[in-house]
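Everything on this sheet refers to the single structure shown next.
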Amino acid sequence: MKLSKRLGLTTALIAGMAIAAPAMAEVKVGMITTLSGGGAGLGIDTRDGFQLALKQAGDKAKDIELLIEDDQQKPDVAVQIADKMIQSDNVDVLTGIVWSNLAMAVVPAAVGQGKFYLSTNAAPSALAGKGCNPNYFSVSYQNDNLHEAAGAYANDAGFKKVFIMAPNYPAGKDSLAGFKRYYKGDIASEVYTQVGQTDYAGEIAQIRASGADAVFFFLPGGMGIAFMKQYAGSGVETPVIGPAFSFSQDVLPAVGEAALGVKNTSNWSKDIDNPANKAFVEAFQADYNRLPSIYAAYGYDTANLLLSALEKAQPSDAEAFRAALKEASFDSVRGKFSFGPNNHPIQDLYVREVIDENGTLTNKIIATAMTDHGDAYAAECKM
Amino acid sequence: MTLLIEQALNGLQYGMMLFVMAAGLTLIFGVMGLINLAHGSLYMVGAFACAAVAAATGSYWLGLVASLIAAAFVGALVERLVIRRLYTRDHLDQVLATFALILIFSEGTRWLFGSFPLYLSLPPALAGAVSLPGGVTYPVFRLVIIAVGALIALGLWLLIGRTRLGIRIRAGEADREMISALGVDIGALYTAVFALGAALAGMAGALVGTLQSVQVGMGEPVLILAFVTVVIGGIGSIKGAFIGALLVGITDTLGKALLPVLLQPVLGAGAGPVGAALASVLIYLLMAVVLIWRPQGLYGARA
C-alpha cells in the first residue's frame, strides 16, 4: 500500500506535476482528545464540532481520513497515541488535544517530526513564544487570551481586590498570568489547585476568609462543575467571574441556577452575528440535539481551516500547505479571524453573561472586551 | 481563626470519608489477607447506584439506601465468583485479578451510563450552609458527612468489639485455620466481611459523589489514598484506619491551605505553584515518616 502510494507520487512528479495542486492523495488526520472522565465533555464537543464541519463539506472532505482516540486526559496516554498515529498510521496532521499539559507532551515531538499540529484548544505560552514552530497553528487562542479579557473586564466592573484561582498546570499558570497582565487592582490571593481536583472545600474557605470583592477562577470541565456546586452550597456570596471555560455550554446544565448572571469572557459565543456562526449553531443543534460549547466551535473552525488549506495544497508539500494554513481563508464562526506572526489568532474578545433562555442556561454577549487582540508572546517567536 | 476552624472541619470531613473507605479495605486485608484493588470500583458502584436511583425516583434518600444495597450485593457476588479463588494465592495474583476487576467494572459502567459525569442534587434539607458557634459558616452536607463517618466508626467499634460476628472477625484475623477447625463457616464469614466492606465503600462513593460528581474512574484516586491510610494506620486495624484517615485528611487539607502561605516569605511569587505541588506529596511524606518510626503502622499487629 505505502510503497504503491509512494510510487504513484513519484510517477506523478516525474510526469512533470501533471496533477493540479488538490491531488487525489488521501490526507490522514489524527485527533487525540479527551473522551472519558471529568474532561470528557470538552473532547466530545471538540470531536463533534470537527466532524460536523467535515460532514458539511461533503465531497470536499472525502479524501480526509479522521482517526480519533481517547487520551483519558493523561499525558502518557496522549504520547502513546501520538507515537502510534505518527509511526504506524502515518498521519499528516494532528489535532484535538484539550489540555495544555498533554499538548506540551505531544506537540513539540510531533512538529519536530515534520507533522502539522492544529490546536483546537490548548495553546500554552511555551509554544507561542520561543517554542513556536511553523508547523504548529493554534486555531482557538493563545492560553492567556480569555483570561486577559477577564482581567480587563474586572477593571471595568470596578473590582478592587480579586481572589484568583486556577489548576496547577501550564494553562492554569497562563491563565493567572493573563489575568494579571490586564487587571490593575489588588490580588487577594493566588491559589493553584490540582488538575482534576473535585473537592474545593479548602479553597472555598480561603475565599471566605480573603475579603475579596470578586473571585476569578479558571476551572474547565468537571472541575468547574464541582467548584460551582460546592460554592453555591457554601454560603459565600462573593461574585464570581471567569473565562468562558468555567461557564461553557458543557458545564452550565450541571451547575444550574448558581451560574445565572455570571460574567465570563470568550472569543466565541453562540450569538455572534455572522452567517457562518448561525449555520454552525443550527446544524450542531440539529445533529447532536444540544447547544454547542466553545470547544465545539473551535473544533468546527479547525476542520474548516484544514479544508480551506487542503483546497490549495497538500501536507506532503509542507511549504505550500503551511502558507495555505497561514492565510486562514475560511469563514470562522468568530467572524474576524487571522493568524499573527506566531501562528496564533488575532481576534475579538467578548464579555458574556449567563442567561436563562426558555429554560436552558446559556451565554449572551454583553460587551466587547478587546478588539483585534493578539498575544503577549508573538514578539519572542522567531521562525 | 475562622479560616483555620473551617479548614480543620474540611480536613475532618475528608478524613471521615477516607475512613469509611479504608475501614472496608483494612477489614478485608486483615481478615482475609487479600489486597483488593477493586475496592475503588465498589465505591463507584455505590455512587452510580445512588445517582441512578435518585434520578429514577426523585428521592435522594432512596438513592443512598440503593448505594448501600447495590455495593453490598455486588461485593458479595464478586467475592463468591472471583475473590474466593484468590485467598490461597499470593499477593501478585490477587493484585492482577482485582486490577482486572477494576477494568471490567469501569468499562461496564461506561457501557451502562456513558462517559459523561452524572451530578446529584441535594434534598433541600441538606443543601446550603449553617452558622456554627465561633462565627464559622459551614455547608450542612459536609457536617452530615462528618456525622455519618463518626456513626460508622462507632458502629464498627461496637460490631468488632461487642458482637459474635466481631469476635469471629477478630478470630479470623488472628488464625484462619483454627476458627474453621472450630466449626465457624469461614466462607460465609468472608462473604459477610467483604459485603460489609463493599457497602461502606458504596456509601462513601454516594456521599462524595453528591458533593463532587459521579463518573467512571472516580474510585481509583480514592483507592490510593485509602491504601495510604491503611498502611499508616496498620493493616487490619479499624482504630488505625480511623486515626490514619483523620491524619491523612487533616494533613492534606491543612497542607494545601497553609503551605503556599508559609512559603510566601521564602519564595515570593512562586509560592503558589510550589506550595500546591509540595502539599500534594505531604501525605506520602507522612506515610514515609510513620513507616520509618513504626514499620507495622500506628496500630498494626504485624509488619
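Looking at B:G217, B:G234, which is the one that is within 11 Å of another protein chain (Cβ to nearest Cβ) and at positive phi?
B:G217
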- Message: Just to verify a result, which residue in the stretch B:260-303, among those that are outside any helix (DSSP H, G or I) and of a type in the set (A, V, I, L, M), is surrounded by the most Cβ atoms within 10 Å (Cβ to Cβ)?
- Response: B:L298
- Message: Among the residues in the stretch A:179-202, are any modelled with pLDDT of 95 or more, among the hydrophobic types (A, V, I, L, M, F, W, C) and surrounded by 20 or more Cβ atoms within 10 Å (Cβ to Cβ)?
- Response: yes
- Would you check if B:A125 is more than 14 Å from every other protein chain (Cβ to nearest Cβ) and either part of a helix (DSSP H, G or I) or modelled with pLDDT of 90 or more (or both)? no
- Message: So, in the stretch A:96-118, exactly how many residues are closer than 22 Å to A:D174 by Cα and in a loop (DSSP other than H, G, I, E, B)?
- Response: 4
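Going through the stretch A:168-198 one residue at a time, which ones are of a type in the set (A, V, I, L, M, F, W, C) and part of a strand (DSSP E or B)?
Matches in the stretch A:168-198: A:I187, A:A188, A:V191.
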- Message: Residue pairs, Cβ under 7 Å, 6 or more apart or interchain, first in the stretch A:74-91 and at negative phi, second among the acidic types (D, E) and part of a loop (DSSP other than H, G, I, E, B). List them.
- Response: A:V77/A:D71; A:A78/A:D71; A:I81/A:D71
- Item | Elements of type helices (runs of 4 or more DSSP H) contained in the stretch B:137-187, each with 3 or more residues being under 14 Å from B:M17 (Cα atoms) | B:140-162
- Item | Odd one out for B:T88, checked against (1) at pLDDT 90 or above; (2) more than 9 Å from chain A (Cβ to nearest Cβ) | (1)
- Message: When you check A:Y192 against the structure, is it under 19 Å from B:N10 (Cα atoms), within 9 Å of chain B (Cβ to nearest Cβ) and without any contact (Cβ under 8 Å) to a residue 40 or more places away in the chain, yes or no?
- Response: yes
- Item | Leading residue by the ranking (surrounded by the most Cβ atoms within 10 Å (Cβ to Cβ)) among those in the stretch A:56-95 that are under 20 Å from the mean Cα position of the chain (by Cα) and in a loop (DSSP other than H, G, I, E, B) | A:D71
- Note on the structure: Scanning the stretch A:199-224 for residues that are in contact (Cβ under 8 Å) with a residue 40 or more places away in the chain and assigned to a helix (DSSP H, G or I) gives A:Q206, A:I207, A:S210, A:G222, A:M223
- Query: Of all residues in the stretch A:207-231 being of a type in the set (V, I, T) and at pLDDT below 95, which is surrounded by the fewest Cβ atoms within 10 Å (Cβ to Cβ)?
  - Reply: A:I207
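The values are calculated or read from the model by the stated rules, or taken from the named source; none is laboratory data. Just so you know, these numbers come straight off a predicted model, no measurement behind them. Cβ coordinates were reconstructed from backbone atoms using ideal geometry, including for glycine residues, and neighbour counts include every protein chain displayed.
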